[in-house]
Amino acid sequence: MRKIGEQDLAERCKAGEQEAYRTLYYDYAPSLLRTICRYISDTDTAKDLLHDTFIKVFDKINGFHYRSEGSLEAWLSRIAINEALMHLRKGNKWADYPVELLADEKEEESEPDSDEVSALSYEQILAMIHKLPPGYRAVFILYVIEGYSHKQIAETLGIAEHSSASQLSRARKLLAKEITQANTTK
């Protein structure tokens with residue numbers, strides 16, 4: 001079966017073609033689920049959010065404007081990320097975490113070197129990211145993976161800009177500790 005180009009697929013969805021809707025779902029659901037799972041560690045919740053994402057996509061497809069190859073996927077990803085962030089926001093996960101959670105933070109953790117990180121599989125690193133408290137995880141992903149600035153993160157999550165920077169710093173320290181532990185137990 002020939003894969004349909006993004007622009008053609010979007011136009012066919014706008015025209016209400018059921019087969020185009022199916023193609024859109026089957027072509028993009030796996031990558032969108034992976035995107036949602038970066039923010040949401042519970043698989044059932046992530047699948048529910050994927051469903052919500054596609055409801056929103058099908059409802060708003062007429063507002064999509066094709067710009068170039070990749071723009072449909074970027075638009076879909078943005079909707080999926082927003083669904084995940086709205087879910088986390090509903091759970092009020094953005095507040096800074098209590099000081100007792102970070103009691104060992106005063107010890108200076110050195111950043112792991114690239115060899116220590118390279119020694120771990122993608123799955124191991126993802127599992128470590130999922131161990132982060134939800135607010136730290138969201139800030140870490142938005143900053144490191146999605147490329148947001150602290151100002152953009154603050155606006156997106158409804159937190160102070162300094163809270164974004166603080167949560168990123170704490171997330172990095174917790175991940176550094178996890179990576180070091182993983183490498184010493186090998």
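The values are calculated or read from the model by the stated rules, or taken from the named source; none is laboratory data. Model, not experiment: these values are computed from the prediction. Because the Cβ atoms are built from the backbone with ideal geometry, glycine has one as well, and the counts that use them run over all protein chains shown. Note: accessible area is taken over every heavy atom of the protein model, side chains too, but ligands, DNA and RNA are not part of it. Shrake-Rupley method; radii C 1.70, N 1.55, O 1.52, S 1.80 Å.
Residue pairs whose Cβ atoms lie under 6 Å apart, sitting 6 or more positions apart in sequence or on different chains, and linking a residue in the stretch 133-149 that is at negative phi and touching a residue at least 24 places away in the same chain (Cβ under 8 Å) to a partner that is surrounded by fewer than 17 Cβ atoms within 10 Å (Cβ to Cβ) and part of a loop (DSSP other than H, G, I, E, B), are 133/97. From the list 109, 83, the lone residue that is within 22 Å of residue 143 (Cβ to Cβ), in a loop (DSSP other than H, G, I, E, B) and either modelled with pLDDT of 95 or more or open to solvent by less than 80 Å² (accessible area, probe 1.4 Å) (or both) is 109.
For the stretch 28-39, residues that are open to solvent by 40 Å² or more (accessible area, probe 1.4 Å) and modelled with pLDDT under 95 total 2.
Take residue 123 and decide whether it is within 23 Å of residue 36 (Cβ to Cβ), part of a helix (DSSP H, G or I) and at pLDDT 90 or above. So residue 123 fails the test. Residues of the stretch 54-74 that are touching a residue at least 12 places away in the same chain (Cβ under 8 Å) and not charged (D, E, K, R): 54, 57, 58, 61, 62, 64, 66, 70, 71, 72.
Scanning the stretch 40-80 for residues that are open to solvent by 20 Å² or more (accessible area, probe 1.4 Å) and in contact with a Leu (Cβ under 8 Å, 6 or more places away or on another chain) yields 47, 66, 77. If only residues of the stretch 151-164 that are touching a residue at least 12 places away in the same chain (Cβ under 8 Å) and open to solvent by less than 40 Å² (accessible area, probe 1.4 Å) are counted, the one that is nearest to residue 113 (Cα to Cα) is 164. Applying the set (1) touching a Phe, Trp or Tyr at 6+ places or on another chain (Cβ under 9 Å); (2) more than 14 Å from residue 81 (Cβ to Cβ); (3) at pLDDT 90 or above to residue 141 leaves exactly one unmet item: (2).
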